[in-house]
Every structure is written in structure tokens, then in C-alpha cells.
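Just so it is clear, none of the values below were taken in a lab; they were calculated from the coordinates. The shown structure was predicted, so the numbers you read here are calculated from the model rather than taken from an experiment. Positions of Cβ are generated from backbone atoms using ideal geometry, with glycine treated the same way; all protein chains shown enter the neighbour counts.
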Amino acid sequence: MPLKRRDQKGFTLIELLIVVAVIGILASIAVPYITQYRIRSYNASAVADLRTLRNSLEAYFLEHGSYPH
């Protein structure tokens, strides 16, 4: 196996494999958190929509004296 000269630039195959492995490990740790945040965001959006609907129904009741049929 030839030795690497100091004036050569680049990465060895082992260095690249280590970087890919580290990125894979970090991604496998991050994906569950991202999924969890998406679920929380969906739930928060649903709660906000229900709150808006409640406020609209209250405004309708105050204006018309009854709820819509």
C-alpha cells in the first residue's frame, strides 16, 4: 500500500466511512424527535381550530340568541 505524500489532498475511504457512520447515528437519534414534534404541532393546530370554532359559535349565539341548527 503506497504511503500518502504530504502534498496530496483528499480523504481516505476509512475517513469517509466514519463520517457516513456518524451522520447515520445522528440521523437515527434525531428522527424520533422530529416525528414527535410533528405530532405535537398537529395537535396544537387542532386545538387552535376548535378554539376558533368555539369563539365563532359564542359570537353567533350572542348575535342571534341561539345556536345554528
- Query: Each label point is 7 Å from the Cα along the Cα-to-Cβ direction; what then is the distance between the points at SER28 and HIS69, in nm?
  - Reply: 6.2 nm
- Query: Got a sec to turn the phi values of the stretch 48-55 into Karplus ³J(HN,Hα) couplings, 6.51 cos²θ - 1.76 cosθ + 1.60 with θ = phi - 60°, whole Hz, x for Gly and Pro?
  - Reply: 5, 5, 5, 5, 5, 4, 4, 5
- In nm, to one decimal, how far is the THR35 label point from the ASN55 one, both placed 7 Å along Cα→Cβ? 3.4 nm
- For the chain, size of Cβ-based charge dipole, Lys and Arg +1, Asp and Glu -1, in debye: 580 debye
- Listing HIS69, HIS64 by rising number of other beta-carbon atoms within 10 angstrom, fewest first, gives HIS69, HIS64
